[in-house]
Amino acid sequence: MDSNFLYVLTGSVLLGAAAGAVGVFGLLRKNSLVGETVAHSMLPGIGMAFLLSGLKNSWILLLGSVVSGALSLVFVRWVRRFSGPRPDAALAIALSGFYGVGIVLLTFIQNRGTGDFSGLDHVLFGRAAAMVEEDVWVFGGLALVVLIMALVGHRSMGLVAFNPDFARSIGWPVRLYEAVMAALGILAIAAGIRAVGIVLMAALLVIPAATARYWTHRLGPTLVLSAVFGALGGALGTALSSTSASMPTGPLTVLSLCGLALLGIVLAPQRGLLSKMLKKHRKRLQSERENFIKVMVLCLEERPGTQTVPGSVLRKRMGLSAREYYRNVRRTVAAGWILPVVGGLKPTESGWTEGRRINRLHRLWEVYLNRKAGVPIDRVHESAEVIEHLLTPELERDILAELGLCEHYAPTVEIHVNAATGA
Amino acid sequence: MNTPLIEAKSLTVRYHYKPVLWNIDCSLSAGRMIGIIGPNGSGKTTFLKTLMGLLKPDSGSVRLFGKEPKQVLERLSYVPQRESVDWDFPARVQDVVLMGRYRRSNLLGRLSKEDRRLADEAMDEVGLTEFAKRQIGELSGGQQQRVFLARAIARQPELFLMDEPFAGVDAATEDAILRLLARLRDKGRSVVIVHHDLQTAQRFFDELVLLRTRLIASGPTEQVLTPDHLDEAYGGRLSVLSRMGDLLQKSQLDWKERGINDSDHER
């Protein structure tokens with residue numbers, strides 16, 4: 001591996017990490033679009049810097065992009081004072097206006113045909129491999145500073161992002177922190193466009209942050225993870241683009257980031273698709289078990305004195321196929337709720353408790369619907385079939401309280417049965 | 001005798017050139033539960049925000065504990081409207097409560113053992129201890145409201161300023177909040193609450209400030225809640241004042257004229 005590649009890789013990792021960390025604040029403050037605007041607005045600055053100096057020096061181009069990025073934010077503020085409650089309009093004007101000027105400048109430079117123009121064209125889609133050692137020191141160093149500041153100040157800036165009014169009420173310098181966040185954003189973008197280019201810079205700000213939110217619900221870890229994802233995206237994009245001379249880094253970085261995001265969307269605990277499906281599946285199994293034991297206890301309550309229910313009775317009552325029936329038996333036995341005995345099935349102690357509990361919740365919900373929501377008696381049964389598996393003890397308590405019933409109230413019969421029999 | 005808790009003198013606040021509060025004069029004393037009531041858009045929240053200096057008066061002035069609001073921020077706690085923040089924010093209950101311990105003298109938000117203890121106490125006081133490590137987005141509306149309350153308590157202030165703490169909470173939370181507030185008041189703390197429900201206002205508050213852009217009445221609850229006052233506040237007719245407000249908004253004229261200033265307080 002040649003040493004230049006290592007430089008470039010280090011640079012991309014740092015740029016990605018800084019953008020990832022800073023992007024979290026943008027996402028939390030719901031102004032990710034501002035990052036997009038700032039990135040596009042850097043184009044005229046880069047063009048001007050090159051035109052005025054005639055040099056492709058990293059410092060000069062950086063200065064140009066930072067100045068025009070900052071100017072775009074000033075412009076946005078200024079437009080917002082007149083356009084009133086339409087913040088996105090101001091952003092759109094700034095983005096397209098600055099970008100337009102930038103393209104004009106770039107075309108002008110190109111047509112002039114003088115000076116060493118190569119490299120400026122990479123500004124749009126990024127070409128990490130075009131970074132030379134000096135670039136890596138300048139942009140990588142800058143990115144490192146931004147990353148450290150974001151990590152050190154994350155609590156304070158988090159407060160401002162979460163609840164600015166409260167922050168002001170405790171005398172917190174909200175303006176100062178807003179300025180710091182804007183400055184960090186501008187610097188991270190100015191550095192990041194070296195790797196991914198202006199057009200796709202927003203992805204480097206938004207995707208890592210959004211992905212990190214899948215894996216954690218704390219601010220500190222969100223920041224760290226987002227930086228890690230940004231770094232990974234940068235590294236992958238650079239490595240992939242180095243395989244071919246004409247591959248731009250930006251799109252490949254963005255594709256890598258999308259891959260990481262997809263992993264999060266599918267695999268993340270709690271919020272991920274897989275975990276959600278698993279949860280749903282477990283809930284379904286639980287409902288099935290609860291239904292089985294519920295019907296069993298019902299059968300037994302209807303014939304006082306009996307201790308076992310013949311399988312055929314259960315199957316017929318629940319309308320189960322033989323396969324479904326044996327699956328239910330297996331799972332309910334595994335839960336420790338029933339015992340297979342001679343002549344059928346017999347609930348265990350915990351089985352009795354569980355079955356009675358479900359029946360009680362079923363009936364309670366029916367009573368509640370009928371008395372409090374005015375649902376006719378013959379319509380209450382169906383929703384109770386679902387609700388019985390969901391009612392939490394707190395809700396049960398509230399329902400009892402609202403019905404003015406004591407805690408041990410247990411309706412003994414489903415009320416739609418009452419209505420049907422006229423009891 | 002002692003300085004009033006809150007004193008407003010010919011206070012006018014405008015938003016986008018339109019007066020939201022118009023010439024408010026009132027004086028409220030400490031150790032009470034004070035409700036700010038009035039119809040929608042009557043300037044209740046604006047009044048609260050102006051009290052703690054979040055909004056600047058266009059003319060007139062506010063004094064808290066006899067001082068400029070900015071000078072006494074350490075002595076008050078603000079409980080914003082629950083809907084004013086995004087509850088999907090990556091934070092746990094204890095993280096938000098600990099925000100109440102942030103100080104201007106500590107801009108990176110580092111926290112001491114004492115800070116953590118006070119936050120734990122505050123969570124205990126509102127019954128959130130078992131939720132300390134939960135993500136705030138998983139909580140019910142009432143629990144979220146109690147998170148804000150705990151954050152305010154953790155600051156250990158003399159004055160609580162709350163914006164609609166009873167909006168959208170269940171009866172249990174409402175009772176919990178009320179009991180807690182009464183306890184705070186018994187300890188000599190003062191509570192100012194923006195409230196929209198007239199039915200409960202009578203029950204909750206010792207004193208009321210009834211607003212409809214201008215001050216309709218302020219004082220002991222039973223003296224404020226008279227049919228005349230309520231008719232004035234909630235009556236449907238568009239008052240000259242609000243029509244004038246619309247005119248001002250259209251004209252975009254600045255409020256402060258030469259020769260008019262708020263020298264009232266420089267006694």
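The values are calculated or read from the model by the stated rules, or taken from the named source; none is laboratory data. Keep in mind it's a predicted model, so treat the numbers as computed, not measured. Every residue, glycine as well, gets a Cβ built from its backbone with ideal geometry; the counts of neighbours run over all protein chains shown.
Being in the same structural domain as residue A:202 (by TED's automatic domain parsing) and outside any helix (DSSP H, G or I) is a property that holds for residue A:245. Residues that are of a type in the set (Lys, Arg) and crowded, with 20+ Cβ neighbours inside 10 Å within the stretch A:286-306 comprise A:289, A:294, listed in sequence order.
Quick grid of which residues meet (1) of a type in the set (Val, Ile, Thr); (2) under 19 Å from the mean Cα position of the chain (by Cα):
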{"residue": "B:113", "(1), (2)": "no, no"}
{"residue": "B:129", "(1), (2)": "yes, no"}
{"residue": "B:139", "(1), (2)": "no, no"}
{"residue": "B:144", "(1), (2)": "no, yes"}
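Would you check if there is a residue in the stretch B:104-114 being more than 14 Å from chain A (Cβ to nearest Cβ) and either over 18 Å from residue B:139 (Cα atoms) or part of a loop (DSSP other than H, G, I, E, B) (or both)? Yes; the residues of the stretch B:104-114 include at least one that is more than 14 Å from chain A (Cβ to nearest Cβ) and either over 18 Å from residue B:139 (Cα atoms) or part of a loop (DSSP other than H, G, I, E, B) (or both). Within the stretch B:57-80, being among the polar types (S, T, N, Q) and either facing chain A (nearest Cβ under 7 Å) or crowded, with 17+ Cβ neighbours inside 10 Å (or both) holds for B:59, B:61, B:77. The criterion of at least 3 residues that are under 30 Å from residue A:210 (Cα atoms) and at pLDDT 90 or above is met by the following helices (runs of 4 or more DSSP H) wholly inside the stretch A:265-344: A:273-302. Scanning the stretch B:4-56 for residues that are within 14 Å of another protein chain (Cβ to nearest Cβ) and touching a residue at least 60 places away in the same chain (Cβ under 8 Å), which turns out surrounded by the fewest Cβ atoms within 10 Å (Cβ to Cβ)? Looking at the filtered set, the residue picked out is B:16.
Among residues of the stretch A:26-36 being at pLDDT 90 or above and touching a Gly at 6+ places or on another chain (Cβ under 9 Å), the one that is farthest from the other protein chains (Cβ to nearest Cβ) is A:35.
Output the residue which, of all residues in the stretch B:81-103 that are in contact with a Phe, Trp or Tyr (Cβ under 8 Å, 6 or more places away or on another chain) and more than 8 Å from every other protein chain (Cβ to nearest Cβ), is farthest from residue A:149 (Cα to Cα). Applying the filter and picking the extreme gives B:82.
For the residues A:184, A:159, A:147, the requirement of being hydrophobic (A, V, I, L, M, F, W, C), within 14 Å of another protein chain (Cβ to nearest Cβ), within 19 Å of residue A:209 (Cα to Cα) and crowded, with 19+ Cβ neighbours inside 10 Å singles out A:159.
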